[in-house]
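The values are calculated or read from the model by the stated rules, or taken from the named source; none is laboratory data. None of these values were measured; they are calculated from a predicted model. Cβ placement follows ideal geometry from the backbone for every residue including glycine, while neighbour counts extend to all protein chains displayed.
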Amino acid sequence: MIKNKSLYSSIIVIIFWYLLYLVIDIKVIPSPIDTIIEFFKLLKGKLIIHLSYSIFRIFLALIISLILGISLGIFLGLNKKYDEFISPIIYLLYPIPKISFLPVLMIIFGLGNLSKIILITLIILFQILVTTKDSIKELKKEHFYSINSMGANNIQIYKHLIFPAILPKLLTALRISIATSIAVLFFAENFATTYGIGYFIMDSWIRVNYIQMFSGILAISILGLFIYKSIDLIERKYCRWITLENNNEYFT
Amino acid sequence: MINVDNLKVKYDDYTAIKNINLNLNKNKTCSIIGPSGCGKSTLLYSLAGILKPFEGTIKINNAYVKSNRKKTGLILQNYGLFPWKTVWENVILGLKLRKVNKKELEIKATSILKKLNIIKLRDKYPSQLSGGQSQRVAIARTLTTEPDLLLMDEPFSSLDALTREDIQKFLLKIYNENNLTICLVTHNIEEAVFLGQTIYIMSKKGTIKKVINNPHFGDSSLRQRKDFHSMCNHLRMILKEGDTND
Ligand SMILES: Nc1ncnc2c1ncn2[C@@H]1O[C@H](COP(=O)(O)OP(=O)(O)O)[C@@H](O)[C@H]1O
Ligand SMILES: [Mg+2]
């Protein structure tokens, strides 16, 4: 059923694309079929290299933000005293579009990978930090009493109480922040690099190679789709209780 | 079994309970009743070893209570079950935390679920259960670790009257079958009388105002008797006295 949904939506998009290609008879919109063929050809060669660079940047940023965001979020969620000092600072920085830091980051951390990774890390990190903290704060002290009274040690408290409690919101935060970070990465990869899917697309454009440009766009959508599907999978496996609770709300 | 001597418990600078003396013998029950905010939960959590005495001592079986005790089971009003675990996962949690091996865990938990008549709820999540079912599951979870002492914090206060009476009778049965000692916190007068062999009445100031013995305890058809209602009225009077004196 779910698989069919992806298939169905892909077909709709391709049909629309094809119609546009027929109606707007200029080179800017290449035929979807030609593009897909070109995509697979390119994938064996340079496209996979560009894509790998982008994936590397996103995943490294993702891992850093998960580690930092979750640990800091849990720490602040559990320690009211520190939270009172640090939260106002977080909320001040939270709404700033992080991409506006790009020039500063490039000056401080150089033009290479580092500044791009830090930029994306900033975007994801804030989302994760804030939602983790909120999830912890929603826990009642009775939850802790309950597991303490059963004699749980710290590791067990994390395993059975803290991690399951933060997971649903964490996944939502990831969905939101990964979409933003792909867009931002696309932008950032146009500066001072010759690798990355963002560079690949813009470079193809400059060379007026529209089929290649669309192959790049196709690649970036597949990357996004892959990440979303992975998040869905984790959600369905580990957060079934959340979907049930939401369903109950509709019925009652 | 429980000996509390001159207990005082504080939250930072705020004294929640003081001058508490409480003694409960093995295989007996007591209920603790008092107005909301008088420190009932504080007292119970201290017995559970979760909160530390500021002054005074708590002994269970002649050993000082310093942290959670293996054979003490705690049942809370609402937040005892974890919403992300199924009934089964919730019930085995206590055993899992004690690293009981899989086979033994399977046998123990299944037999308790059957005994409490909730085996068919096995794969449901707490959000899919009624209030009465949740409380049965909470009791089941505590029983898996074979406690000799049950501490309960207003376990039935979110249930409707009929379900509540049902599950109170059920608890009485469990008590008789398992040689338990029970300490129950409530703000419900009938519950205090129905389930407490001794009834501790707390004042708003966080002290124990009066202790009464309840000769009627143990009769599961007690509610139909006149004695029950006169006992309730007696208790109601004592509780009210506090309001005017404070
Ligand atoms: N964690 C806490 N920090 C500070 N004060 C608390 C805390 N928990 C309870 N109190 C206070 O201690 C008093 C007794 O609380 P509690 O034992 O929960 O009462 P009860 O269970 O009888 O309603 C109340 O005045 C309450 O506000
Ligand atoms: Mg209470």
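Data for the structure
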read-out	value
Residue list for the stretch A:198-218, restricted to those being of a type in the set (A, V, I, L, M, F, W, C) and closer than 17 Å to residue A:99 by Cβ	A:202
Options A:128, A:162, A:197, A:157: the member that is buried (at least 22 other Cβ atoms within 10 Å of the Cβ), within 14 Å of chain B (Cβ to nearest Cβ) and not small (Gly, Ala, Ser)	A:162
Unique match (being among the hydrophobic types (A, V, I, L, M, F, W, C) and within 28 Å of residue B:215 (Cβ to Cβ)) among B:74, B:47, B:81, B:51	B:47
Scope the stretch B:5-45; condition of a type in the set (S, T, N, Q), within 7 Å of ligand 1 (Cβ to nearest atom) and away from chain A (no Cβ under 14 Å); matching residues	B:36
Residues satisfying the stated conditions in the stretch B:91-100, i.e. crowded, with 21+ Cβ neighbours inside 10 Å and facing chain A (nearest Cβ under 10 Å)	B:93, B:94, B:95
Residue identified as within 16 Å of ligand 2 (Cβ to nearest atom) and within 12 Å of chain A (Cβ to nearest Cβ) among B:49, B:80	B:80
Condition met for residue B:176 (out of contact with any helix residue (DSSP H, G or I) (no Cβ under 9 Å at 6 or more places or on another chain) and either more than 16 Å from ligand 2 (Cβ to nearest atom) or of a type in the set (Val, Ile, Thr) (or both))	yes
Check on residue A:81, in a helix (DSSP H, G or I), charged (D, E, K, R) and crowded, with 16+ Cβ neighbours inside 10 Å	no
The listed residue being within 16 Å of ligand 2 (Cβ to nearest atom), at pLDDT 95 or above and under 22 Å from the mean Cα position of the chain (by Cα), out of B:36, B:31	B:31
Check on residue B:73, away from ligand 2 (no atom under 13 Å from the Cβ) and in contact with a Pro (Cβ under 8 Å, 6 or more places away or on another chain)	yes
The stretch A:220-245: number of residues that are free of Cβ contacts under 8 Å to residues at least 40 places away in the same chain and within 14 Å of another protein chain (Cβ to nearest Cβ)	7
Unmet criterion (only one of (1) surrounded by fewer than 17 Cβ atoms within 10 Å (Cβ to Cβ); (2) within 18 Å of residue A:131 (Cβ to Cβ); (3) at pLDDT below 90) for residue A:192	(2)
Residue satisfying condition, being within 14 Å of chain B (Cβ to nearest Cβ) and either crowded, with 18+ Cβ neighbours inside 10 Å or over 30 Å from residue A:164 (Cβ atoms) (or both), within set A:143, A:50	A:143
The stretch B:40-51 residues that are touching a residue at least 12 places away in the same chain (Cβ under 8 Å) and among the β-branched types (Val, Ile, Thr), paired with ones that are within 13 Å of ligand 2 (Cβ to nearest atom) and assigned to a helix (DSSP H, G or I) (beta carbon under 8 Å, 6 or more apart)	B:50/A:145
Of the criteria (1) away from ligand 2 (no atom under 16 Å from the Cβ); (2) outside any helix (DSSP H, G or I); (3) in contact (Cβ under 8 Å) with a residue 40 or more places away in the chain; (4) among the β-branched types (Val, Ile, Thr), which one residue B:193 fails	(2)
Flag for residue B:182 being part of a strand (DSSP E or B), under 13 Å from the mean Cα position of the chain (by Cα), of a type in the set (A, V, I, L, M) and more than 16 Å from ligand 1 (Cβ to nearest atom)	yes
Options A:58, A:70, A:108: the member that is of a type in the set (Val, Ile, Thr) and closer than 20 Å to residue A:219 by Cα	A:58
